[in-house]
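Undergrad: Handing you this structure, nothing more for now.
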Amino acid sequence: MKVKQKVLRLLLGDQLNAGHSWFSKTDSNVIYLMAEMRQETDYTRHHIQKVAGFFAAMRAFAEELKHQGHTVISHRITSAQAKLTLPELLLQTIRENNITRFEYQLPDEWRLDTQLKDFCKSLSIPFSSHDTEHFLSDRDDLRNLFPGNRKPLMETFYRKMRVKTGVLMMSDGKTPEGGKWNYDAENRKAWKGKPAVPVLQLPVNNVSEIVAEIKKAGVDCFGEIDPVGFQWPVTRQQSLRLLGEFCDHSLAYFGMYQDAMHTDESFLFHSRLSFALNTKMISPTEVVTHALRAYENSNGVISLAQTEGFIRQIIGWREYARGIYWGWMPEFAQLNFLGHQRKLPSWFWTGETKMNCMSHAIKQSLQHAYAHHIQRLMVTGNFMLLAGIHPDEADAWYLGIYIDAIEWVEMPNTRGMSQFADGGIVGTKPYVSSANYINKMSNYCGTCFYDHQKRHGEKACPFNSLYWNFYDRHRDVFEKNPRIGMMYQLLNKMPSSEKADTIEYAEKLLEDLEVL
Ligand code: FAD
Ligand code: SF4
């Protein structure tokens, strides 16, 4: 007689996909394991909202599985098991429950992927790994699309994804709806108080018990939290409601004000869906389907340009980031193309700087564990790159502070897109700007201590001199780049005394970033 297997299935904190085929039927011989672990809270220093958000979502997911009749073992951060490493915990669980087979879903992070592969090598029982059934592309799709050292252009990948998914495509399956692939040129306006930013109905969660346990366990977190009014979705239902709210109220203006920044509005028309997506409480297919339905039923209120702008983020940038991560790791994590070595000034952890744009973006991040893409790219990231901050420091900051930060998506954005530490795998040129761009896209400069029009001298905006200093000190790398050549023409034409004063001012700033 065949003996029934007793199966242990591991669920990581970002594998909360209720639609996974694992859960299609209950089986008393299958045990699911979910654990809040010190190895996850301590591998970098996280924002308190990130840790609380993950634990709240994990606990709700475990309850839901139990409610459906699945057997779940879960461990809280205060438990003795929380201190074990993942292999130690797995081994203990396998022994205590007489497990005869181990199964896990493929982790999205290299660190955990390696840890589990190594663990399985030492196992004496059968094991298998399974797809998370979340993404629209495979780990190695991007690498296969660009074999060798060919530059993996996001736009090429995105068009392939449009054809593959049939999203916003004509019936021939080859022509993009509306005749264009990309409506960027119609987007990217500054926001000056109108149209009104919708007040979305957000979830209100009480995470005080979790916060108390995180503190009791001695986990070292930073940032602010309102434990009784936690507004990030922690269940699938809450995530779907947020998606609905976004589609009904914000999608109509998403692309248009995607790059805008304003001191009064932290979220503007952005979706705040990254946490729900990255924990897999909702899928990219669901997000795209809802957005398309809203567009089609809107009687023209939501334009094709806005819809395409949003869908590009989901089936383009998000999948592309994952493709970069899996195609270029583990080497990617070590890249420092520009040889930057500086440490982050301490005000990155407080927001106490006289630079209004930086102060606002950082304080908002500490308050909400959130900043939108352009704040991350063209304010904090821009400053780090201009100031020559080591990409490890940049990675650690972004990985810790944002609720949506998981390495597979954080690192390609930070080390690649934002810091150009990959030498141009993700971006064809560095994303740097002077105060001009920040002033155009925000209301930050108007009330700043610094003067956005000055390059040097009293109260001159640091972004201006650091910008020219950056191009000057990396002339050998960028001068021949056709997308940047014009900046060198401008730099070359700058009167020599103006140039000398600008560079000297920047060098003085770089000597002590703490005082900015
Ligand atoms: P929206 O603006 O509403 O966009 C919708 C969705 O599109 C997002 O939820 C996200 O899932 C996806 N998306 C948009 N842009 C990107 C992108 N560049 N890469 C991948 N997905 C994208 N995103 C993360 O999810 N985790 C991170 O750790 C992260 N770190 C970043 C670090 C830097 C330096 C930069 C420049 C960007 C980073 N991003 C990261 C991308 C982007 O900033 C966030 O996804 C976005 O701000 C999340 O807010 P939202 O949900 O309101 O997004
Ligand atoms: Fe930022 Fe400079 Fe504008 Fe101040 S003047 S907000 S430092 S860009």
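Every number in this text was worked out from the coordinates using simple rules, so none of it is lab data. Since the model is a prediction, treat every value here as computed from it, not as a measurement. Every residue, glycine among them, receives a Cβ derived from its backbone with ideal geometry; neighbour counts consider all protein chains shown.
Undergrad: For PHE222, which sequence-distant residues (separation of 5 or more, or a different chain) have an amide H within less than 5 Å of its own amide H, given hydrogens modelled in the peptide plane?
TA: When sequence neighbours closer than 5 places are left aside, the close amide H contacts are HIS46, HIS47, ILE48.
Undergrad: Cα gyration tensor of region 253-382, axes a ≥ b ≥ c as square roots of the eigenvalues: rounded (a/c below 1.5), prolate (a/b > b/c) or oblate?
TA: The shape class here is oblate.
Undergrad: Another question, if that's okay. By how many degrees, 0 to 90 and rounded to 10, does the Cα axis of helix 391-401 deviate from the longest principal axis of the chain?
TA: Value to nearest ten degrees: 60.
Undergrad: Size of region 346-515 along its principal axes in angstrom, Cα-based, largest extent first?
TA: That works out to 46, 36, 28 Å along the principal axes.
Undergrad: Something else about it: Go through region 25-40 residue by residue and turn each phi into a ³J(HN,Hα) via Karplus (6.51, -1.76, 1.60, θ = phi - 60°); whole Hz please, and just put x for glycine and proline.
TA: Whole-Hz 3J(HN,Hα) from phi for region 25-40: 9, 8, 8, 5, 8, 10, 10, 9, 10, 10, 9, 7, 10, 5, 5, 8.
Undergrad: Same structure, new question: Among THR44, LEU106, PHE23, whose Cα sits farthest toward the positive end of the charge dipole of region 7-130 (+1 at Cβ of Lys/Arg, -1 at Cβ of Asp/Glu, about the Cα centre)?
TA: THR44
Undergrad: Hey, another quick one. Counting only helical runs of four or more DSSP H residues, what would the 222 nm mean residue ellipticity of the chain come to if each run contributes -39,500 (n - 2.57) and the total is spread over all its residues?
TA: Per the formula, -11500 deg cm²/dmol.
Undergrad: Can you work out the Karplus-derived ³J(HN,Hα) for every residue in region 426-441? Use 6.51 cos²θ - 1.76 cosθ + 1.60 with θ = phi - 60°, whole Hz, and x for glycine or proline.
TA: 7, x, 7, 8, x, 7, 10, 8, 8, 5, 3, 5, 4, 5, 5, 9
Undergrad: Would you mind estimating how fast region 455-516 diffuses translationally, via Stokes-Einstein at 4 °C and 1.567 mPa s with the Kirkwood radius over Cα pairs, in µm²/s?
TA: For these conditions, the coefficient is 107 µm²/s.
Undergrad: Could you work out how far helix 154-165 tilts from the main Cα principal axis of the chain, as a 0 to 90 degree angle to the nearest 10?
TA: 40
Undergrad: With the Cα gyration tensor of region 297-354 giving a ≥ b ≥ c as the square roots of its eigenvalues, does the rule (a/c under 1.5 for rounded; else a/b larger than b/c for prolate; else oblate) give rounded, prolate or oblate?
TA: It is oblate, given that a/c is not under 1.5 and a/b is not larger than b/c.
Undergrad: Magnitude of the Cβ-charge dipole of the chain, K/R +1 and D/E -1, about the Cα centre, nearest 20 debye?
TA: That gives a dipole near 780 debye.
Undergrad: While we're on this one: Quick one: which residues, 5 or more positions from VAL72 or on another chain, have an amide H under 5 Å from its amide H? H modelled 1.01 Å from N in the peptide plane, none for Pro or chain starts.
TA: Placed amide hydrogens put TYR32 under 5 Å from VAL72.
Undergrad: How tilted is helix 319-328 with respect to the longest principal axis of the chain? Cα atoms for both, answer in degrees (0 to 90, nearest 10).
TA: Result, in degrees: 90.
Undergrad: Hey, what did the chain get for relative contact order, percent, Cα under 8 Å, at least 6 apart?
TA: With pairs under 8 Å counted, the relative contact order is 16 percent.
Undergrad: I would also like to ask the following. When the Kirkwood hydrodynamic radius is evaluated over all pairs of different C-alpha atoms of region 7-130, what value in angstrom, to one decimal, is obtained?
TA: One decimal place: 14.9 Å for the Kirkwood radius.
Undergrad: Name the trypsin sites (Lys or Arg not before Pro) in region 436-516 that are in a loop by DSSP and that have at most 12 other C-beta atoms within 10 Å, would you?
TA: For trypsin sites (Lys or Arg not before Pro) across region 436-516 that sit outside H, G, I, E and B with at most 12 neighbouring Cβ atoms in 10 Å, the list reads LYS459, LYS480, ARG483.
Undergrad: Using amide H atoms built in the peptide plane, which far-off residues or other-chain residues are under 5 Å from PHE127 H to H?
TA: PHE102
Undergrad: May I ask you to evaluate 6.51 cos²θ - 1.76 cosθ + 1.60, the Karplus curve with θ = phi - 60°, for each residue of region 79-89 and list the ³J(HN,Hα) values in order in whole Hz, giving x for glycine and proline?
TA: Using θ = phi - 60°, the values come out as 6, 5, 5, 4, 7, 6, 6, 4, x, 4, 5 Hz.
Undergrad: Which value in Å does the Kirkwood hydrodynamic radius of the chain take, with 1/r averaged over all unlike C-alpha pairs and then inverted?
TA: Roughly 24.5 Å, rounded to one decimal.
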